[in-house]
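Structure below; questions to follow.
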Amino acid sequence: MKASTVLRTKLRSGQLVVSIGVYDPLSAVIGERAGFDAVAYQSAQASGADALPDVGIRTPYETVEMVRKISRSVNLPIIVDSEQGFGEDPEVCAFWTRELIKAGAAAQHIDDLRAGRCIWLENGAKYGDADEVAERIHAMARARDELDKDYVIIARTCCYHANTGGNTPEGFKESIRRFLLWKQAGADVFTANGWQLEPEIARKVKAQIQAPLFTQGGNGRLNREEGYLEYCRRSWDELHEYGYDIINNPMDLIGVGVRAMMQAAQKAIGRRTWSAIGPECLDGETWLELVGHTAMRHGTPLGASQPSGKLVK
């Protein structure tokens, strides 16, 4: 069964999908082996892995090529961040949707933030015209229907929280208007920046739009508001009960990894011996298993995903 079909089937049946943000094939393999339902390749972790700020520097072509590599390495659905659709012209957006589908993506999300702005770094970041976004979504949906009818389009609005500095009745009303417009255009799943501060809002949203909901957040946000930390303390089952169908954490996997590498590098320099980082180092057997060498020795073709299971012995 195609990964997109797996994802859409779970959404239709009301099953919870828990996704982890990844930045390359190896991190995706780690997510799959751990037991996540999906992986998400998004601009924040992709830019960070290139030591770049998340302000639209990376190209759509780079994203497509990395999705192709991740798809080769795992069987999980891959959710891809396509920013504002990778273009202002709807036909350009449709082109990149086709490329993502051919590369192995199962879903993509598009937002209404103005190009080159990072919503989680800027208060008051501007969002775009809802009708223009609807035209892009409609073109993306046509491309989806040509190649993979199970491919999932996720639409995000930033109007709920971005320009108000907080969640307001006006922001909620405009979010619902946008969701209904985008649903008619062909979007399948919906999300809004700022929901982390008020996760219970999902019940109210779902009652009005009758569609699956996506939410994301993590412990490593630069914005350390108590609301975001409280969101992370909630169990996935609790968030599912509120009405969220896809729960994603974009940055914590790369954040944990980068912190561990920084600490190990500083420890080695400080003690001037490699033995200083020996206890934290991954054992060779696990490394060979992760990169497929062990499976290859047992006759499994390279690129074939392995069953989930314990990672570190």
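Where Rh denotes the Kirkwood radius from the mean inverse Cα pair distance, what is Rg over Rh for the range 29-90?
Over the Cα atoms of the range 29-90, Rg/Rh equals 0.99.
Okay, next question. Relative contact order of the range 56-111: what whole-number percent is it, with Cα pairs under 8 angstrom and at least 6 residues apart?
Taking the mean separation of contacting Cα pairs over the length of the range 56-111, I get 46 percent.
Between LYS267 and GLU241, what length comes free when the chain is fully extended (0.36 nm per residue of separation minus the Cα-Cα distance, one decimal in nm)?
5.0 nm
Also, I was wondering about something else. Sorting check: for 103-109, 238-244, 148-154, 175-181, which peptide has the highest mean count of neighbouring beta carbons within 10 Å, and how do the rest follow?
Ranked by mean Cβ neighbours within 10 Å, highest first: 103-109, 148-154, 175-181, 238-244.
Identify, among THR191, MET140, ALA40, the residue whose Cα sits farthest towards the positive end of the charge dipole of the chain, taking +1 on the Cβ of Lys and Arg and -1 on the Cβ of Asp and Glu, with the dipole about the Cα centre.
Of the listed residues, the answer is ALA40.
Once you keep just the Cα pairs under 8 angstrom separated by 6 or more residues, what percentage relative contact order results for the range 3-250?
19 percent
Could you give the dipole magnitude of the chain about its Cα centre, charging the beta-carbon of Lys and Arg +1 and that of Asp and Glu -1, in debye to the nearest 20?
Dipole size: approximately 720 debye.
Give me Rg/Rg_expected for the chain, where Rg uses Cα atoms only and Rg_expected = 2.2 N^0.38 Å with N residues.
So the chain has a normalised radius of gyration of 1.01.
Restricting to the range 3-250, what percent of DSSP beta bridges are antiparallel, rounded to 5?
5 percent
FYI, it's all coordinate maths here, none of it is from the lab. As the structure is a prediction and not an experimental result, all values here were calculated from the model. Every residue, glycine as well, gets a Cβ built from its backbone with ideal geometry; the counts of neighbours run over all protein chains shown.
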